[in-house]
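Participant: To start, I am sharing the structure in question, which I have written as structure tokens.
The values are calculated or read from the model by the stated rules, or taken from the named source; none is laboratory data. Remember, it's a predicted structure, so these values are computed and weren't measured experimentally. Heads up, the Cβs are rebuilt from the backbone with ideal geometry, glycines too, and the neighbour counts pull from every protein chain shown. With ligands, DNA and RNA removed, areas are computed over all heavy atoms of the protein, side chains included. Shrake-Rupley method; radii C 1.70, N 1.55, O 1.52, S 1.80 Å.
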Amino acid sequence: MNLFNDANPECQEIFHPDFENRKVRLFIYRLDTIHPVISGNKLFKLYYFLNEAVDSSHKKVITYGGAYSNHLVATAFAAKQLGLESIGIVRGEQAAEKSPTLLMCLQYGMRLIFISREEYSTVQEEQYKEMVRLRYGPGVIIPEGGFHPLGTKGASLIMDTISGATHICVPVGTATTMAGLITKANEIQQIIGFPVLKNMTDIPSRIEKLTGSDPVNKYRIIDKYHFGGYAKSSHELINFMNAFYTSYTIPLDFVYTAKMMFGVFSEIRAGYFPEGSKITCLHTGGLQGNISLQKGRLVY
């Protein structure tokens, strides 16, 4: 399944006087450059689900997400490229105008089904999954954000091309990518998660569900950079994104990677990372999410 460039993404060093003063080095792993649509961690999390669908007789994937879900777009595009039928079950009633994200899903041939938020809260239950199969026919069901051991297994592939890092930082939505990194982290590496949702207190239980254990010695959670919750932002965050792009010519998305990078910069200045640390931050893509921002707020 060759949906993205076989070349390894660039691991770009970020220079700043504060890093030199603290005697640490910071790198950003440009997973956003893998593919123009299925960028960042998305293809990794989808990889084994897509393989299963390609090898099946029904050639169909069914997945879930909100109106601005990067996961839905990535699934829709990948399915089209692989000749698979795709169905997206969308959280919330259909709006008068569809979001840019959902318009992209339709462009890539995904059939969209809108359900109430109350009904959506039950989509992970086995009874609901069985109902979906009965209603829409057999297919590979991909949980939202790939939250499943198969998604974790796919995300773990990211670690195969990371070397030398003492700390690997990742924004956390479903915790699937973080769980995958943890499964392959060595004894000198620490995985640091930056939740983008407010009051996300169940990360340990999520990791245990995804990996079968909770290896607390391998990871840390820094939960003070969510900026009010999922898809929330502030002038401070937008100003940081613009300054970051001006300095390094790297676009960030305001939902995930910008929050993590803001947090990493802040924690370096606060002395969280010991001298000699080599910090690698995953750029998880999702740049299409910036379309929802008011035009002109970003310099890119």
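Participant: Can you report the principal axis dimensions of segment 198-300 using only the alpha carbons, biggest first, rounded to whole angstrom?
Facilitator: 45, 33, 20
Participant: Same structure again: Just how many % of Cα pairs in segment 78-188 lie over 24 Å apart, if you round to the nearest whole percent? Provide the component values of the computation, followed by the final result.
Facilitator: Working: 2516 of 6105 pairs.
The proportion of pairs with Cα distances above 24 Å equals 41 percent.
Participant: If a/c stays under 1.5 just call it rounded; otherwise compare a/b with b/c (prolate if a/b is bigger, oblate if not). Do that for segment 53-141, with a ≥ b ≥ c from the square roots of the Cα gyration tensor eigenvalues.
Facilitator: The shape class here is oblate.
Participant: Hey, rough spin-label estimate for SER247 and ALA231, points 7 angstrom out along Cα→Cβ, what's it come to in nanometres?
Facilitator: It is 2.9 nm.
Participant: A follow-up question, please. Once you sort the root eigenvalues of the Cα gyration tensor of segment 37-87 as a ≥ b ≥ c, which label holds: rounded (a/c under 1.5), prolate (a/b larger than b/c) or oblate (the other case)?
Facilitator: Cα axes put segment 37-87 in the prolate bin.
Participant: Report the charge-dipole magnitude of the chain in Debye, nearest 20, computed about the Cα centre from +1 at each Lys and Arg Cβ and -1 at each Asp and Glu Cβ.
Facilitator: Numbers: 30 positive and 27 negative charges, 58 e Å.
Charge dipole of the chain: 280 debye, to the nearest 20.
Participant: Quick one: if you stick a label point 7 Å off each Cα along the C-beta vector at HIS58 and ARG133, how many nm between them?
Facilitator: 0.7 nm
Participant: Sort out the exposed loop trypsin sites (Lys or Arg not before Pro) in the chain (DSSP loop, at most 11 other Cβ within 10 Å) and tell me the longest stretch that has none.
Facilitator: Values: sites that count: LYS23, LYS224, LYS295.
Result for the longest clean stretch: 24-223.
Participant: Stretched out fully, how many nm does the piece from LEU293 to LEU82 gain, at 0.36 nm a residue minus the Cα gap?
Facilitator: Values: separation 211, 0.36 × 211 = 75.96 nm, distance 3.13 nm.
Full extension of this stretch gives 72.8 nm more.
Participant: Under the rule a/c < 1.5 gives rounded, and otherwise a/b versus b/c splits prolate from oblate, where does segment 1-115 land using the Cα gyration tensor? Let's see the in-between values first.
Facilitator: Details: a/c = 3.13, a/b = 1.71, b/c = 1.83.
The shape class here is oblate.
Participant: Roughly what would the spin-label model give for LYS98 and SER266, points 7 Å off Cα along C-beta, in nm?
Facilitator: 3.7 nm
Participant: Pairs LYS42/LYS129; LYS60/LYS259; LYS23/LYS45; LYS60/LYS98: which are spaced more than 32 Å apart, C-alpha to C-alpha?
Facilitator: Pairs exceeding 32 Å: LYS60/LYS259; LYS23/LYS45.
Participant: Enter the angle in degrees (range 0 to 90, nearest 10) between the Cα long axis of helix 235-248 and the first principal axis of the Cα atoms of the chain, meaning the one along which they spread out most.
Facilitator: 70 degrees
Participant: To continue, here is another question. Round to the nearest 0.05 the FRET efficiency obtained for LYS184 and GLU275 when R0 = 41 Å and r is the Cβ-Cβ distance.
Facilitator: The formula returns an efficiency of 0.95 here.
Participant: So, one more: With Cα extents along the principal axes in Å in mind, check (i) 74, 43, 28; (ii) 60, 44, 37; (iii) 71, 50, 33 and report the label derived from this structure.
Facilitator: (ii)
Participant: Report the one residue of ALA231, PHE19, ILE188 whose Cα lies farthest in the direction of the positive end of the charge dipole of the chain (charges on C-beta: Lys and Arg +1, Asp and Glu -1; origin at the Cα centre).
Facilitator: Sorting the options by dipole projection puts first ALA231.
Participant: If ligands, DNA and RNA are left out, what is the accessible area of TYR300 with a 1.4 Å probe, given in Å² to the nearest 10?
Facilitator: We get 80 Å² for TYR300.
Participant: Averaged per residue, what accessible surface does the chain expose to a 1.4 Å probe, in Å²?
Facilitator: Here the residues of the chain average 45 Å² of exposed surface.
Participant: With the full set of protein chains in place, find how many percent of the accessible area of the chain is carbon and sulfur; take the probe as 1.4 Å.
Facilitator: Carbon and sulfur together cover 49 percent of it.
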